[in-house]
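First comes the structure, then the notes that go with it.
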Amino acid sequence: TIFIASPVNGYKFFSLNQSFLASANDDEDGPLANITWQYREGNQPNYTSAGSGQTISTSLSDGDYSIKACVSDPDGESVCDEINISVSVLGDEDGDGLNNSTEIAQGTDPYDNDSDNDGLLDGLDVGLDGFLELSCVV
């Protein structure tokens with residue numbers, strides 16, 4: 001058997017680097033380490049090799065992907081597990097003017113357009129990072 005342990009099916013990455021973890025085991029032979037990885041974008045018919053091992057890291061661009069991990073036992077029998085993920089580095093999930101990777105890098109929430117709840121969109125209210133923080137006195 002093989003199982004992609006991380007991330008879960010349907011996960012959305014907001015970072016330039018994506019990491020994947022799988023485990024494989026054969027009832028007769030025990031743990032298997034010869035896991036190979038592939039990916040394909042959207043509904044494309046062909047997979048691209050992404051490396052081998054229990055863990056891999058990739059740098060996929062924005063889009064929807066199928067990720068496949070496969071393993072073969074000593075008898076040559078193969079089995080695969082597949083998940084679907086999305087990458088949205090340049091997207092702006094919450095519409096606050098900052099792309100998702102910038103929000104992750106500076107510690108704001110890509111799902112909350114006003115992460116510190118001060119009434120200003122995160123794109124205008126970056127505060128201590130040296131960007132202009134707008135405030136209004138009435």
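For segment 66-107, a residue qualifies if it is touching a residue at least 40 places away in the same chain (Cβ under 8 Å), part of a strand (DSSP E or B) and farther than 14 Å from Thr1 by Cα, and the qualifying residues are Ile67, Ile83, Asn84, Ile85, Ser86, Val87. In the set (1) of a type in the set (A, V, I, L, M, F, W, C); (2) closer than 24 Å to Asp109 by Cβ; (3) surrounded by 14 or more Cβ atoms within 10 Å (Cβ to Cβ), the condition left unmet by Ala50 is number (2). Evaluated against (1) on the phi < 0 side of the Ramachandran plot; (2) in contact with an Asp or Glu (Cβ under 8 Å, 6 or more places away or on another chain), Gly97 falls short on exactly one condition, (1).
Taken over segment 106-129, the residue count meeting the criterion of being open to solvent by 70 Å² or more (accessible area, probe 1.4 Å), under 24 Å from Leu16 (Cβ atoms) and at pLDDT below 90 is 2. Of the residues making up segment 41-63, those that are out of contact with any Lys or Arg (no Cβ under 8 Å at 6 or more places or on another chain) and outside any strand (DSSP E or B) are Gly42, Asn43, Gln44, Pro45, Gly53, Gln54, Ser59, Leu60, Ser61, Asp62.
Within segment 1-40, being of a type in the set (D, E, K, R), modelled with pLDDT of 95 or more and either out of contact with any helix residue (DSSP H, G or I) (no Cβ under 9 Å at 6 or more places or on another chain) or in a loop (DSSP other than H, G, I, E, B) (or both) holds for one residue alone: Arg40. Between Leu60, Leu16, the distinction of being within 30 Å of Leu121 (Cα to Cα), under 12 Å from the mean Cα position of the chain (by Cα), touching a residue at least 60 places away in the same chain (Cβ under 8 Å) and surrounded by 12 or more Cβ atoms within 10 Å (Cβ to Cβ) belongs to Leu16 only. Filtered by the rule that a residue be of a type in the set (S, T, N, Q) and in contact with a Pro (Cβ under 6 Å, 6 or more places away or on another chain), segment 55-103 gives a lone residue, Asn100.
Looking across segment 93-104, the residues that are open to solvent by 60 Å² or more (accessible area, probe 1.4 Å) and either over 14 Å from Gly123 (Cβ atoms) or of a type in the set (D, E, K, R) (or both) come down to Glu93, Ile104.
The values are calculated or read from the model by the stated rules, or taken from the named source; none is laboratory data. Keep in mind that what you see is a predicted model, and the values were worked out from it rather than measured. Note that each Cβ is placed from the backbone with ideal geometry, even for glycine, and that neighbours are counted across all protein chains shown. We work out accessible area using only protein heavy atoms, side chains counted, and drop any ligands, DNA or RNA first. Shrake-Rupley method; radii C 1.70, N 1.55, O 1.52, S 1.80 Å.
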